[in-house]
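Okay, so here's the structure we're looking at.
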Amino acid sequence: MKLITAIVKPFKLEDVKAALEGRGISGLTVSEASGYGRQKGHTEVYRGAEYTVDLVPKVRIEVLVDDAAADGVIEAIVAAAQTGKIGDGKVWMVPVDAVVRVRTGERGIDAI
Amino acid sequence: MPEAINAGDTAWVLMAAAMVLLMTPGVAFFYGGMTRAKSVLNMMMMSFLALGLVTVLWVAFGFSLAFGDGGNGFVGDLSFAGLTPLVDAFATNGGTYPIPALAFAMFQLMFAVITVALISGAVADRMKFLAWGIFAAVWATLVYFPVAHWVFDFGSAELGGSGAGWLANLGVLDFAGGTAVHINAGAAALALAIVLGRRIGFGKTPMKPHNLPLVVLGAALLFFGWFGFNAGSALGANGLAAVAFTNTMVATAAGVLGWLLVEKLRDGHATSLGAASGAVAALVAITPACAFVAPWGAIAIGVLAGVICAFAVTLKYRLRIDDSLDVVGVHLVGGVIGCLALGFFATTSVNELGKDGLFYGGGIGLLGTQAIGAFAVLAYSFVITIALAYVLKRVVGLRVSKDDEVSGIDLAAHAETGYELGESGGGGVFAGIGSSSVRRAQEED
């Protein structure tokens with residue numbers, strides 16, 4: 001099993017969700033995140049005083065998948081989230097040792 | 001002498017007084033939204049403390065020092081101390097008005113309250129609450145009451161009668177308080193900010209407004225209340241009140257546009273803080289002029305205030321003076337603009353008690369008189385405030401500790417926080433599940 005984490009632009013959340021649903025992914029976790037990559041932050045001006053804000057708002061999507069589906073899911077997320085402009089985000093994957101469904105106690109693939 | 005109270009005039013002045021009262025909570029919101037989240041309550045509390053203190057002092061002796069029957073050009077007397085002598089009397093100020101003297105005293109009280117509250121914007125995040133309270137009470141007594149007398153007291157029963165203020169006698173035009181309220185508060189703010197010193201991290205760490213909707217709400221309350229401030233100063237439900245009302249509206253509209261235009265061209269974006277600030281700057285500038293200029297003059301004054309103040313608020317970074325919420329850039333600068341603009345735009349065609357400025361063939365005389373009025377109030381307020389602040393610094397101390405300033409003055413001074421955002425201060429989902437427990441609550445059933 002794998003945990004796929006995607007950091008994307010907030011306005012791309014709907015597209016990514018639709019793409020994941022299209023691939024039969026039945027659950028995911030979404031949280032608001034802030035950070036920066038190569039694009040760095042942005043500037044805000046209050047009464048003429050300019051502030052550089054390092055962090056930009058992003059959305060973090062986490063989804064647990066079966067090993068076999070993992071590469072396809074990553075491709076689907078990237079395709080849905082891409083604008084080609086700087087600041088599109090990142091997707092990464094890590095192996096997961098155990099997953100348990102709290103309600104039933106099911107383990108492994110059955111719990112995804 | 002009027003034979004009876006005029007119901008329409010009295011109703012309008014009482015209503016206007018209530019509207020001006022609303023401006024002080026308006027200032028609390030306007031300033032409160034501009035501070036950081038950790039000091040919003042202290043910011044708002046400074047306005048409410050001023051409201052409490054100044055009101056009590058006004059009844060005790062403040063109104064009398066400003067508008068007492070006798071006195072000299074500099075200050076009134078104690079003839080109306082306690083306000084009891086005003087019961088059943090007509091309002092007199094350079095003439096007798098068919099409204100109760102108490103209505104006039106309450107209307108003028110609201111001006112005293114908000115003038116003190118305005119100063120608090122310069123001391124955000126860092127002034128001891130006790131020191132602010134002492135400052136507010138002493139400043140009102142030594143500065144506001146006398147200066148209100150200089151500008152607003154036209155003599156007991158006839159124009160220029162006994163005890164008229166020296167600026168009023170000189171012929172300085174200030175319909176609703178460009179000098180006594182705005183230049184006065186702005187100069188005091190500058191002095192207090194200098195003695196108090198800069199906030200930790202000023203010019204380095206971001207000190208962004210934490211809640212701009214509160215700022216806009218505050219500006220809206222100020223805008224609404226300002227119609228009472230300006231049009232109420234006619235002390236009657238009459239044509240002059242309508243002139244003041246009209247000019248207040250059009251100048252403010254123009255001020256919003258002026259400030260936003262500067263921002264769009266200079267910074268790239270028109271901001272909500274800019275719209276709120278432009279409105280207030282224009283309201284300040286039209287205050288002395290609202291019943292002495294034609295509507296086109298009001299538009300010009302509004303644009304001038306919006307544009308000039310939008311630049312003035314950036315000066316503090318170069319001067320390294322932490323006038324935290326721009327009381328100087330908006331109220332002092334705006335007040336001076338309005339006061340001097342009368343030298344150009346004043347016209348007797350809208351108010352025969354006014355004068356003609358340069359653009360109406362009145363010559364340069366009025367501009368000179370206005371400059372004297374503006375400078376006298378600025379200098380007096382600045383000097384007395386510097387002295388008062390130094391004494392307070394020695395006697396009770398002006399600033400909270402560094403620790404309290406950085407952790408937040410709300411918690412240190414009031415044992416409260418403005419927003420319950422979860423016990424870790426992070427987000428909302430964990431609120432109520434943290435480690436604190438209830439002390440001294442009702443017993444459980």
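Screening segment B:122-229 for helices (runs of 4 or more DSSP H) wholly inside it with 2 or more residues that are closer than 17 Å to residue B:280 by Cβ and within 22 Å of the chain's Cα centre (by Cα) returns the ranges B:184-196. Quick check: anything in segment B:56-79 farther than 30 Å from residue B:125 by Cβ, more than 22 Å from the chain's Cα centre (by Cα) and free of Cβ contacts under 8 Å to residues at least 24 places away in the same chain? Yes, that holds for at least one residue. A residue that is touching a residue at least 40 places away in the same chain (Cβ under 8 Å), in a helix (DSSP H, G or I) and surrounded by fewer than 21 Cβ atoms within 10 Å (Cβ to Cβ) can be found somewhere in segment B:30-44.
Among the candidates B:325, B:340, B:261, the residue that is away from chain A (no Cβ under 14 Å), out of contact with any Asp or Glu (no Cβ under 6 Å at 6 or more places or on another chain) and either among the hydroxyl-bearing types (Ser, Thr, Tyr) or touching a residue at least 24 places away in the same chain (Cβ under 8 Å) (or both) is uniquely B:340.
Counting only residues that are outside any loop (DSSP other than H, G, I, E, B) and under 29 Å from residue B:145 (Cα atoms), how many does segment B:380-412 have? Matching residues across segment B:380-412 total 17. Could you look through segment B:88-121, keep only residues that are in contact with a Gly (Cβ under 9 Å, 6 or more places away or on another chain) and assigned to a strand (DSSP E or B), and pick out the one that is surrounded by the fewest Cβ atoms within 10 Å (Cβ to Cβ)? Here the answer is B:98. Among residues of segment B:3-29 that are charged (D, E, K, R), those with a beta-carbon under 6 Å from a residue that is modelled with pLDDT of 95 or more at least six positions away or on a different chain give the pairs B:9/B:98; B:9/B:99; B:9/B:236; B:9/B:237.
Do you know which residues across segment B:194-219 are over 25 Å from residue B:401 (Cα atoms) and within 11 Å of chain A (Cβ to nearest Cβ)? Passing the criteria: B:212, B:215.
Are any residues in segment B:271-311 within 14 Å of another protein chain (Cβ to nearest Cβ), more than 20 Å from residue B:24 (Cα to Cα) and surrounded by fewer than 24 Cβ atoms within 10 Å (Cβ to Cβ), and if so, which ones? Answer for segment B:271-311, where residues must be within 14 Å of another protein chain (Cβ to nearest Cβ), more than 20 Å from residue B:24 (Cα to Cα) and surrounded by fewer than 24 Cβ atoms within 10 Å (Cβ to Cβ): B:271, B:272, B:307, B:308, B:311.
Of all residues in segment A:17-60, those satisfying the criterion of being under 29 Å from residue B:203 (Cβ atoms), outside any loop (DSSP other than H, G, I, E, B) and more than 14 Å from chain B (Cβ to nearest Cβ) are A:35, A:56, A:57. Evaluated against (1) in contact (Cβ under 8 Å) with a residue 24 or more places away in the chain; (2) of a type in the set (D, E, K, R); (3) closer than 30 Å to residue B:319 by Cβ, residue A:44 falls short on exactly one condition, (1). Contact map, segment B:185-205: first residue modelled with pLDDT under 95, second residue part of a loop (DSSP other than H, G, I, E, B) and among the acidic types (Asp, Glu), Cβ cut-off under 8 Å, separation 6 or more or different chains; pairs are B:202/B:322. Return yes when residue B:350 is under 16 Å from residue B:177 (Cβ atoms), of a type in the set (Val, Ile, Thr) and away from chain A (no Cβ under 14 Å) and no when it is not. It is false that residue B:350 is under 16 Å from residue B:177 (Cβ atoms), of a type in the set (Val, Ile, Thr) and away from chain A (no Cβ under 14 Å).
The values are calculated or read from the model by the stated rules, or taken from the named source; none is laboratory data. Quick caveat: nothing in here was measured; it's all calculated off a predicted structure. Because the Cβ atoms are built from the backbone with ideal geometry, glycine has one as well, and the counts that use them run over all protein chains shown.
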